[in-house]
1. Taking the range 194-214 as the region of interest, how many residues are within 11 Å of the ligand (Cβ to nearest atom) and part of a helix (DSSP H, G or I)?
2. Do we find that residue 60 is among the acidic types (Asp, Glu), under 20 Å from the mean Cα position of the chain (by Cα) and open to solvent by 80 Å² or more (accessible area, probe 1.4 Å) in this structure?
3. For residue 126, all conditions in the list (1) farther than 22 Å from residue 13 by Cβ; (2) touching an Asp or Glu at 6+ places or on another chain (Cβ under 7 Å); (3) open to solvent by 40 Å² or more (accessible area, probe 1.4 Å); (4) of a type outside the set (Asp, Glu) hold save one; what is the number of the exception?
4. Answer yes or no as to whether residue 188 is within 22 Å of residue 236 (Cβ to Cβ), in a loop (DSSP other than H, G, I, E, B) and either modelled with pLDDT under 95 or among the β-branched types (Val, Ile, Thr) (or both).
5. For the range 72-109, give me each residue that is farther than 30 Å from residue 50 by Cα and either acidic (Asp, Glu) or in contact with a strand residue (DSSP E or B) (Cβ under 6 Å, 6 or more places away or on another chain) (or both).
6. Among the strands (runs of 3 or more DSSP E) contained in the range 50-167, which hold 1 or more residues that are within 15 Å of the ligand (Cβ to nearest atom) and basic (Lys, Arg)?
7. Please go through the range 3-42 and give me each residue that is open to solvent by less than 50 Å² (accessible area, probe 1.4 Å) and of a type in the set (S, T, N, Q), ordered by number.
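The values are calculated or read from the model by the stated rules, or taken from the named source; none is laboratory data. Fair warning: this is a prediction, and the values are worked out from it, not measured in the lab. Glycine also receives a Cβ, built like all others from the backbone with ideal geometry; neighbour counts cover every protein chain displayed. The area values use the complete protein model at the heavy-atom level, side chains included, leaving out ligands, DNA and RNA. Shrake-Rupley method; radii C 1.70, N 1.55, O 1.52, S 1.80 Å.
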Amino acid sequence: MSRVALVTGGSRGIGAAISIALKNAGYTVAATYAGNDEAAAKFTEETGIKTYKWSVADYDACAEGIAKVEADLGPVEVLVNNAGITRDAPFHKMSREQWQEVMDTNLSGVFNMTHPLWPGMRERKFGRVINISSINGQKGQFGQANYSAAKAGDIGFTKALAQEGARAGITVNVICPGYVATEMVMAVPEKVRESIISTIPVGRLGEPEDIARCVVFLASDDAGFITGSTITANGGQYLT
Ligand SMILES: NC(=O)c1ccc[n+]([C@@H]2O[C@H](COP(=O)([O-])OP(=O)(O)OC[C@H]3O[C@@H](n4cnc5c(N)ncnc54)[C@H](OP(=O)(O)O)[C@@H]3O)[C@@H](O)[C@H]2O)c1
């Protein structure tokens, strides 16, 4: 029986590449999304990967959604907390709503998804939790006090939970992507994109597959000795 992997925000961007890479590696994959039904339907049609709609910001919806996924596919053994949003503004213009939405999705979302799955992983003595943070959670970014705080929180969460999961066979790791060529990044004017690329030593943006390959490795049995780690995948743009 293949292992079941659940990827939040797994129908678009980096998450879609992760879902596909895990499927190709032999996992049974469920991908969640928040609202873009059209993209999710197209993704399922093209890949055969089941998609489920709920917001990671809502704890009860996560618990209900996870129960549905497990009833359909079996116990979730690999969780990829990838769903994330930006609500950028310089701090003096940042609204409480911009702060809260990013915290609710990018930080509490990780709690809301991991918490209902944790008892089952402990019981089965196996689990993989892989969180997708960001270069901007490591170095901070102008206009992203909310995003940088939430993404830095994901790194702290990972380090704490790794210690709790270790004896139960559960690894918890975090990946910090640099700038990746998703729709969001490709939508910025070419000049701005060029100036971003000029700050990346390898001379290119990341591809979603660059991140997906890290996830597949961390999910594998071969990565069982790696826990609490921060994998930096940013083309050398920021060295920790
Ligand atoms: N792109 C980059 O350069 C970059 C760099 C560093 C880190 N990251 C991180 O990598 C992750 C993926 O980024 P991306 O650029 O691939 O994003 P994206 O293309 O905007 O896709 C985001 C995905 O997350 C889902 N989502 C958003 N809010 C959600 C919620 N409340 N509940 C459930 N799903 C939700 C979206 O669902 P819908 O399709 O329904 O909207 C979509 O499937 C994020 O955590 C991001 O912060 C990205």
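1. So the count comes out to 5.
2. Values: among the acidic types (Asp, Glu): yes; under 20 Å from the mean Cα position of the chain (by Cα): yes; open to solvent by 80 Å² or more (accessible area, probe 1.4 Å): yes.
Considered against the rule, which asks whether it is among the acidic types (Asp, Glu), under 20 Å from the mean Cα position of the chain (by Cα) and open to solvent by 80 Å² or more (accessible area, probe 1.4 Å), residue 60 comes out as yes.
3. Failing condition for residue 126: (3).
4. Values: within 22 Å of residue 236 (Cβ to Cβ): yes; in a loop (DSSP other than H, G, I, E, B): yes; either modelled with pLDDT under 95 or among the β-branched types (Val, Ile, Thr) (or both): yes.
The answer is yes for residue 188.
5. The answer is 88, 97.
6. On the way: elements: 50-53, 76-81, 127-132.
Because the criterion is at least 1 residues that are within 15 Å of the ligand (Cβ to nearest atom) and basic (Lys, Arg), the strands (runs of 3 or more DSSP E) in the range 50-167 that meet it are 50-53.
7. We begin by selecting, within the range 3-42, every residue open to solvent by less than 50 Å² (accessible area, probe 1.4 Å); these are 4-11, 13-19, 21-22, 26-33, 35, 39-40.
The answer is 8, 11, 19, 28, 32.
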